[in-house]
Amino acid sequence: QVQLVESGGGLVQPGGSLRLSCAASGRGFTIYTMGWYRQTPGKQRELVATIGSGGGTNYADSVKGRFTISRDNAKNTVSLQMNALKPDDAALYYCYVRTLYNNYWGQGTQVSVSS
């Protein structure tokens with residue numbers, strides 16, 4: 001079993017920046033993919049960015065050039081640096097981890113973008 005603890009959400013003005021972090025803990029697991037998804041009311045959860053164990057990354061077109069995902073394999077953490085935030089980026093952001101046998105989700109951290 002893997003537990004995920006997210007941090008870093010909050011309220012920011014358009015054009016501002018936030019950094020989300022997620023720490024995975026547990027026993028006897030190997031993490032393959034880590035990432036972030038987001039969801040707004042009435043919409044499906046959507047991919048924001050993922051990063052593989054070797055560092056390969058994948059971004060949603062809407063965040064390319066503004067968001068950067070990174071991970072620390074030794075600490076089992078993943079971070080998302082979000083710059084030039086737009087009102088459309090406001091959502092509940094979920095940390096995601098894929099191990100050999102299971103997918104795990106964090107409880108979500110709220111990102112609000114408003115002036």
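The values are calculated or read from the model by the stated rules, or taken from the named source; none is laboratory data. A quick note: this is a predicted structure, and the numbers were derived from the prediction, not measured. Using ideal geometry, Cβ is built from the backbone for each residue, glycine included, and neighbour counts are taken over all protein chains shown. Surface areas here come from the heavy atoms of the whole protein model, side chains and all, with no ligands, DNA or RNA. Shrake-Rupley method; radii C 1.70, N 1.55, O 1.52, S 1.80 Å.
Being under 24 Å from GLY26 (Cα atoms), hydrophobic (A, V, I, L, M, F, W, C) and touching a residue at least 12 places away in the same chain (Cβ under 8 Å) narrows it down to one residue among VAL63, VAL78, VAL48; which is it? Working first, answer last.
Details: VAL63 fails: under 24 Å from GLY26 (Cα atoms); VAL48 fails: under 24 Å from GLY26 (Cα atoms).
Going through VAL63, VAL78, VAL48 in turn, just one is under 24 Å from GLY26 (Cα atoms), hydrophobic (A, V, I, L, M, F, W, C) and touching a residue at least 12 places away in the same chain (Cβ under 8 Å): VAL78.
To keep it simple, each residue is scored yes or no on (1) under 14 Å from TRP36 (Cα atoms); (2) assigned to a strand (DSSP E or B).
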site	(1), (2)
VAL48	yes, yes
GLY54	no, no
SER62	yes, no
ILE69	yes, yes
SER79	yes, yes
TYR94	yes, yes
VAL97	yes, yes
SER115	no, no
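How many residues are open to solvent by 70 Å² or more (accessible area, probe 1.4 Å) and hydroxyl-bearing (Ser, Thr, Tyr) when one looks only at the stretch 80-115?
Within the stretch 80-115, the subset open to solvent by 70 Å² or more (accessible area, probe 1.4 Å) is 86-88, 98, 100-103, 105, 107, 110, 115.
Keeping just the survivors that are hydroxyl-bearing (Ser, Thr, Tyr) gives 101, 115.
Final tally of qualifying residues: 2.
Identify all residues within the stretch 28-46 that are hydroxyl-bearing (Ser, Thr, Tyr), at pLDDT below 95 and part of a strand (DSSP E or B); write none if there are none.
Scanning the stretch 28-46 gives a single hit, TYR32.
Yes or no: GLY35 free of Cβ contacts under 8 Å to residues at least 40 places away in the same chain and of a type outside the set (A, V, I, L, M, F, W, C)?
So GLY35 fails the test.
What residue, among those in the stretch 62-79 that are under 19 Å from GLY16 (Cα atoms), surrounded by fewer than 16 Cβ atoms within 10 Å (Cβ to Cβ) and not hydroxyl-bearing (Ser, Thr, Tyr), is farthest from the chain's Cα centre (by Cα)?
GLY65
Tell me which residues, restricted to the stretch 24-52, are surrounded by 14 or more Cβ atoms within 10 Å (Cβ to Cβ) and within 26 Å of LYS86 (Cα to Cα).
Scanning the stretch 24-52 gives MET34, GLY35, TRP36, TYR37, ARG38, GLN39, ARG45, LEU47, VAL48, ALA49, THR50, ILE51.
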